[in-house]
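The structure under discussion appears below in the form of structure tokens.
The values are calculated or read from the model by the stated rules, or taken from the named source; none is laboratory data. What you see is a predicted model, and the numbers here were worked out from it, not measured in a lab. Neighbour counts are summed over all protein chains in view; Cβ atoms, including those assigned to glycine, are modelled from backbone coordinates with ideal geometry.
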């Protein structure tokens, strides 16, 4: 890594972050606390009216100013309808909350989350998968900062 911008990267690595894995029905939430290197899955919430305010409240409660929102793409890296929905969600969250929003590629986060969770019942997986995917998203974002 060059020294150019190194102080900004160092500051970002130590900043608390909120990870958001958006979906039409559920949204996974994860948090990377200040001065730790790994994110923790927090919860899965319904994607319904008031969800933006709820995410903003979580950020405020945890003194988080930056939210990393997963940006889905197809296997070839092309944008899809879900990509456009994620971009729209991120814009609405920024407008409503004033939080700093970063879009980050979420390629294969759900598949990797399934592997980490192991053999769960369908109901258990539904309750945890999106939050684990959000944690993997944050970890991937952090790793991209130091590459």
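Points to keep in mind about this one:
- Lone unmet requirement of (1) at pLDDT 90 or above; (2) surrounded by fewer than 16 Cβ atoms within 10 Å (Cβ to Cβ) for residue 121: (1)
- Residue match in region 52-60 (condition: within 23 Å of residue 109 (Cβ to Cβ) and modelled with pLDDT under 95): no
- Matching residues in region 98-112 - criterion: being surrounded by fewer than 17 Cβ atoms within 10 Å (Cβ to Cβ) and under 14 Å from residue 44 (Cβ atoms): none
- Just one of the listed residues (140, 130) is at pLDDT below 95, within 20 Å of residue 36 (Cα to Cα) and either part of a helix (DSSP H, G or I) or under 13 Å from the mean Cα position of the chain (by Cα) (or both), and it is 140.
- Some residue of region 73-81 being in contact (Cβ under 8 Å) with a residue 40 or more places away in the chain and outside any strand (DSSP E or B): no
- Per-region count, region 15-42, residues over 12 Å from the mean Cα position of the chain (by Cα) and in a strand (DSSP E or B): 1
- Flag if residue 66 is in contact with a helix residue (DSSP H, G or I) (Cβ under 9 Å, 6 or more places away or on another chain), under 19 Å from residue 141 (Cβ atoms) and surrounded by fewer than 14 Cβ atoms within 10 Å (Cβ to Cβ): no
- Which listed residue is closer than 25 Å to residue 96 by Cα and either at pLDDT 90 or above or surrounded by fewer than 15 Cβ atoms within 10 Å (Cβ to Cβ) (or both), from 48, 10: 48
- Total residues in region 124-139, condition in contact with a helix residue (DSSP H, G or I) (Cβ under 7 Å, 6 or more places away or on another chain) and buried (at least 17 other Cβ atoms within 10 Å of the Cβ): 6
- A single entry from 115, 92, 57 fulfils the requirement of being exposed (fewer than 15 other Cβ atoms within 10 Å of the Cβ), part of a helix (DSSP H, G or I) and in contact with a helix residue (DSSP H, G or I) (Cβ under 7 Å, 6 or more places away or on another chain): 92.
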